[in-house]
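These notes are about the structure you will find just below.
The values are calculated or read from the model by the stated rules, or taken from the named source; none is laboratory data. All of these numbers come straight from a predicted model, not from anything done at the bench. Here the Cβ positions follow ideal geometry from the backbone for every residue, glycine too, while neighbour counts run over all protein chains shown. Accessible surface areas use protein heavy atoms only, side chains included; no ligands, DNA or RNA. Shrake-Rupley method; radii C 1.70, N 1.55, O 1.52, S 1.80 Å.
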Amino acid sequence: MGAVMRWILRLVGLVIVLALVAVVSIIMLPGDRIARIAADQISSLTGREVTMQGDTTVSFYPVLGISTGQVSVANAPWSEAGPMFTAQSLKIGVEPTALFGGDIRITGLEAVGPKILLERAANGAVNWEIGVEGVAPSGQGEGETAPAPSNPLALTLDRALITDADLTYVDHGTGERIAMPGMDFDLRWPEYEGTATFDATLRPAGQPVQVSGHLDKVGNFIAGGVSALEATINAPGGKVVFAGRAGVQPQLGGRITADLDDTAGFMSSLGLAAPDIPAGLGRAMGANSDITLTPDMRLSLRETSLTLDGNRFTGAADVMLGGSKPRFNAQLNAGALDLSALAADDGAAGSAGGSGGAGASSGWPKTPIDAGALALADGEIALVADSVDLGDFKLGKTRTLMTLDRARMVFELRELQAYDGTITGQFVMNNRSGLSVGGDMAARGINLETFLADAIDVSRFAAKADGDLNFLGVGNSLHAIMNSLSGDGAVRTGRGVISGIDLDRLMRSGDGAGGTTVFDSLGATFTMQDGNLLNDDLLMTLPLAKAEGEGRIGLGAQDIDYLITPVLLEGENRRGLAIPVRIRGPWANPRITPDLEKAIDLNLKEEKEKLEQRVREERKELEAKAEEEVNRTLEKELGVTREEGQSVEDAVKDRAEDALKEELFKLFD
């Protein structure tokens, strides 16, 4: 609002300065002489070269005035972008008393097709500060500049009409460039110290944006004071109204009201980036707040009421706008928040997860997550809500502190009631070098039945649980994050029920389908690696048995491969029996079956070892008998006789040596 007012006032002020000297110069002179005098006087006042081209005519009746052709005002000496101001034509009408001295009352001012170029140099200098550089008055040395005029303007303006104006703003330090073509402006200012009304049409992004209202005590405002201001911005998508006081410092104080039925459309019409706002976070927005803006660009909001779609917040906020990026501090209170639109879209998940048969997991969404907004500002928001519906999860009373620092957002869970229990800890989103999410949380007294039903669509477990979780996931989509999860944790429960399997009947008859299992306690620790939860120490105690578990739960693949081994406790007249149960398949429809091979290994281990020993002994005996039979056959065929403890092979060697010796001795006979 302040920026728009400053640009409008600069535009009108420049045209008025042009009008002042032109009117004072209206005497019985030819038009071209008037043009030269007016141009010289304006150049002297502003320190900028002024040229007027085309015919310049003077009228005395029915309106005293002057009409010029093309007008241009030179830019600052450091600029290379051409004139700061040009217009196709300029018309000024005044009351006849202007010829005889006294205040100037402009009855009409019209500029056709003006083009205004506002520039900020890399060193901070601005080209719209006229009268402080350029042409030096006589008596000043080279390089000296004339101070800007300090006397108040003695004029009034019945009506100023500017049509088809183009305004361009260029910041050479940041590279920012803003162009607003096709501006129309209608100003009425009948008394210098009185009220001015304005009605402007701006087109920052091509669509018309109407700015209308009135400013009290304009003279005081021009002199740097604060004056009452009412302004309304009407644009495609909604309306914003301000009523209060304003100054050119900038200074602003009053009540602001916004009613936007299309927030993204409204921002686009103002030339601002229009983000894809999730439902529940302000696709439509309503706001009421006491607002204060100080010259150091500190924005304060008090007695604030904010409606984002169906969610309503109250509270206060402070925003520092003067640094390299905004910094905020806010305290917000809310009733029941509906943020269910933030949950993964089932249809999108299904299309992203690939194909599969009945019961196959649909997979996590692969839609890219744009977390660039985390780098736009720094600050803190304290939020208190009666309840929060996140779609997949339902939370009760919530007190959290959100801290955003250099694209890293931390949610400190000071109080979070959920699933009949409480959760404390912190949740982190970090986009400093790629998106990652993590957390360190502790849960106490959680209802496992409702929590697992919401989290992974499993409703077989009913118990109160305590748990601890430390996790980290990396990636630019929910699919990538879930498939990269790492960390560790633990879970502990008291008495509970598992639906869909009867471990007692399974252990007695081998058939555990249907029914329920009541257990006294359950405990386990786990680690996570590459989206898989791994556990090898699950222990469940039952009245007459215990169950141990180990396996993998695919947090990324949404599947499970887990082995539960129940063991019937030994009594006076019975022996323990173990029949393992294998749970395997997608979360939506896992298969629960007895693992008979594992059952044989566990329950017949002793018998199996005895049988294997017997087989080894019989094999050894057979091998010995076969070897003896072979030796006897060799003795008979080779005609050798073994001595005690001698092998057939050694006997054959001895026999061959003896024969060789006999043949050698014959050579010497």
Options 276, 318, 259; residue that is more than 23 Å from the chain's Cα centre (by Cα) and either open to solvent by 40 Å² or more (accessible area, probe 1.4 Å) or more than 21 Å from residue 239 (Cβ to Cβ) (or both): 259
Selected residue (criterion: surrounded by the fewest Cβ atoms within 10 Å (Cβ to Cβ)) from residues of the range 280-312 that are farther than 18 Å from residue 333 by Cβ and among the charged types (D, E, K, R): 296
Residues satisfying the stated conditions in the range 67-83, i.e. free of Cβ contacts under 8 Å to residues at least 40 places away in the same chain and part of a strand (DSSP E or B): 67, 72
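Table: residues versus (1) buried (at least 19 other Cβ atoms within 10 Å of the Cβ); (2) within 38 Å of the chain's Cα centre (by Cα); (3) not in a strand (DSSP E or B).
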{"residue": "540", "(1), (2), (3)": "yes, no, no"}
{"residue": "547", "(1), (2), (3)": "yes, no, no"}
{"residue": "560", "(1), (2), (3)": "yes, yes, no"}
{"residue": "563", "(1), (2), (3)": "no, no, no"}
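For the range 327-386, give me each residue that is at pLDDT 50 or above and assigned to a helix (DSSP H, G or I).
340, 341, 342, 372, 373, 374, 375
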Residue within the range 600-623 that is at pLDDT 65 or above, open to solvent by less than 60 Å² (accessible area, probe 1.4 Å) and either at negative phi or in contact with a helix residue (DSSP H, G or I) (Cβ under 8 Å, 6 or more places away or on another chain) (or both) present: no
All positions within the range 400-458 that are of a type in the set (A, V, I, L, M, F, W, C) and in contact (Cβ under 8 Å) with a residue 60 or more places away in the chain: 435, 455, 456, 458
Residue satisfying all of: in the range 387-418; in a loop (DSSP other than H, G, I, E, B) and among the aliphatic types (A, V, I, L, M); farthest from the chain's Cα centre (by Cα) among these: 390
Residue match in the range 276-285 (condition: under 26 Å from residue 254 (Cβ atoms), in a strand (DSSP E or B) and touching a residue at least 24 places away in the same chain (Cβ under 8 Å)): yes
Residue, modelled with the highest pLDDT, within the range 109-148, restricted to residues that are open to solvent by less than 70 Å² (accessible area, probe 1.4 Å) and of a type in the set (D, E, K, R): 119
Enumeration of residues in the range 429-476 that are in contact with a Ser or Thr (Cβ under 6 Å, 6 or more places away or on another chain) and of a type outside the set (D, E, K, R): 430, 442, 453, 463, 465, 472, 473, 474, 475
Residue list for the range 521-538, filter: open to solvent by less than 40 Å² (accessible area, probe 1.4 Å) and under 12 Å from residue 471 (Cα atoms): 526, 528, 531, 533
Number of positions in the range 179-217 that are open to solvent by less than 60 Å² (accessible area, probe 1.4 Å), in contact with a Gly (Cβ under 7 Å, 6 or more places away or on another chain) and at pLDDT below 85: 3
